[in-house]
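**Q** Just passing along the structure, written as structure tokens.
What follows draws every value from the coordinates through simple rules; no lab data is involved. In this text, all values refer to a predicted model and were calculated from it rather than measured experimentally. As a convention, Cβ positions derive from the backbone with ideal geometry for all residues, glycine included, and neighbour counts pool all protein chains shown.
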Amino acid sequence: MNVIGTVGLPGSGKGEAASVAEEAGIPVVVMGDVIRAECRRRGLDPAEHHGRIAGLLREEEGDDAIAARTLPRIREAAAESERDTVLVDGLRSTVELERFREAFGDDFTLVAIRAPFELRAERLDDRGRDDSDADLEALRERDAREIDLGLGETLDRADVEIDNTGTLSAFRTRVREVFGVEADDGDADGDGDETDPATPDAGGDGA
């Protein structure tokens, strides 16, 4: 089993990378689903309590709590899939990275998805994300929270980097190369219009 983890700042393109994986039949495990499930178990609305519960889990079970709870989901996804690869979306800290490397050894690959601040802000604004609203300061604050969790160092320790500053087609093609999958028939160039900008993350805040 090969396990690929993705890491990136908000709007970098992790959600689009996950979409590429799903289209190729690669199961996607979202680390934030662990937190949403715990919110529901405690009778709380994930939309309102996601961050607080993530913090509580780390306090109660250790800094690698989210990764530890994700491991069974990864193994279950692999067992149910015909593919030998699983994508894990939502790594943030080096502690989580080390937990996955301990569990999977050389079968784990961390992929960093990078894009500059201004481009990420534009993408999030185009998506109408509630936490951006074209507010650059809000995105800076969110970046700072992610970096405080260790995301910056985790990015620097990635095995592979994907630069997401070009077209959507170019980005999707590069993701396919890294994931080791072929383009769909009739989509050999990646994703149609070469002028389309690459899109931001489609999922939630992860962990």
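**Q** Charges at C-beta only: +1 for Lys and Arg, -1 for Asp and Glu. How large is the resulting dipole of region 1-50 about its Cα centre, in Debye rounded to 20?
**A** 220 debye
**Q** Taking loop as defined by DSSP and a crowding limit of 10 other beta carbons within 10 Å, which GluC sites (Glu not before Pro) in region 51-151 fit?
**A** Values: sites: Glu59, Glu60, Glu61, Glu76, Glu80, Glu82, Glu96, Glu98, Glu102, Glu118, Glu122, Glu137, Glu141, Glu146; in loops: Glu82.
Hits after loop and neighbour filter: Glu82.
**Q** Continuing with the same structure: By how many nm would the segment from Glu118 to Met1 grow when fully extended, if each residue of separation counts as 0.36 nm and the alpha-carbon distance is taken off?
**A** Computed gain between Glu118 and Met1 is 38.4 nm.
**Q** Once a ≥ b ≥ c are taken as the square roots of the eigenvalues of the Cα gyration tensor of region 1-142, is the result rounded (a/c under 1.5), prolate (a/b larger than b/c) or oblate (a/b not larger than b/c)? Walk me through the intermediate numbers first.
**A** Details: a/c = 1.73, a/b = 1.23, b/c = 1.40.
It is oblate, given that a/c is not under 1.5 and a/b is not larger than b/c.
**Q** Fully extended, how many nm does the chain gain between Asp135 and Glu59 (0.36 nm per residue separation, minus their Cα-Cα distance)? Intermediate values should be presented prior to the final figure.
**A** Values: separation 76, 0.36 × 76 = 27.36 nm, distance 3.11 nm.
Result: 24.2 nm gained on full extension.
**Q** Once label points are set 7 Å from the Cα along Cα→Cβ at both Leu44 and Ala79, what is their separation, rounded to one decimal in nm?
**A** Simple spin-label model gives 2.9 nm for this pair.
**Q** Which of Ala112, Pro72, Gly90 sits closest to the plus end of the dipole of region 69-149, meaning its Cα is farthest towards the positive end, when Lys and Arg get +1 and Asp and Glu get -1 on the C-beta?
**A** Pro72
**Q** Would you please classify the overall shape of region 59-181 from the alpha carbon gyration tensor, given that a ≥ b ≥ c denote the square roots of the eigenvalues, rounded means a/c under 1.5, and beyond that prolate means a/b larger than b/c while oblate covers the rest?
**A** In terms of gyration-tensor shape, oblate.
**Q** For Gly43, what is the net charge nearby, where nearby means another residue's Cβ is under 14 Å from its Cβ and Lys, Arg count +1, Asp, Glu -1?
**A** +2
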